[in-house]
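**Student:** First, the structure itself, so that you have it in front of you.
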Amino acid sequence: MTDSNGATIFKLGKKYGKLSSLSEPITTLYLTEEEHESFSGLPGYSAKKTRYEISGGSLDLYQGPNSGFMLFELEFENELIAKEYVPPEFVLDEITNDGNYSGFSLASKSVTP
């Protein structure tokens, strides 16, 4: 991932399964470039994106696959806050529970928004 300043960030994420429609434990490990190179030789999928901080959340602009696709995401302290949240006007669809927009799906195939 590239941040809005152009710095490359290497991450490895692990999700543990949904606890509810709005809650899923996740662990993110930040990797060095050398660690990333070690993992990149393994079979699997990856996605490249630039992340922009906007409207209290993150807007990801994908370079590949799904070049040009944008996804806005936000994390909440609890489910009550998530349920009461009103997204900014530029957010067109709620995709929280749509598997077509999971990290795996976005890395492994083309999506049509």
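The values are calculated or read from the model by the stated rules, or taken from the named source; none is laboratory data. Just so we're clear, the structure is a prediction, and the values are computed from it rather than from any experiment. When we count neighbours, we look across all protein chains shown, and the Cβ atoms used for this are built from the backbone with ideal geometry, even at glycine.
**Student:** So which of THR32, THR8, THR96, THR28 is of a type in the set (Val, Ile, Thr), in contact (Cβ under 8 Å) with a residue 40 or more places away in the chain and on the phi < 0 side of the Ramachandran plot?
**Tutor:** None of the other options fit; the residue is THR96.
**Student:** Only one of LEU71, LEU92 is modelled with pLDDT of 90 or more and assigned to a strand (DSSP E or B). Can you tell me which?
**Tutor:** LEU71
**Student:** Condition first: surrounded by fewer than 11 Cβ atoms within 10 Å (Cβ to Cβ) and either in contact with a strand residue (DSSP E or B) (Cβ under 6 Å, 6 or more places away or on another chain) or of a type in the set (Val, Ile, Thr) (or both). Now tell me which residues in the range 10-25 satisfy that.
**Tutor:** LYS11, GLY13, LYS14
**Student:** Among the residues of the range 19-50, what is the count of those that are closer than 25 Å to SER67 by Cβ and in a loop (DSSP other than H, G, I, E, B)?
**Tutor:** Selection size over the range 19-50: 7.
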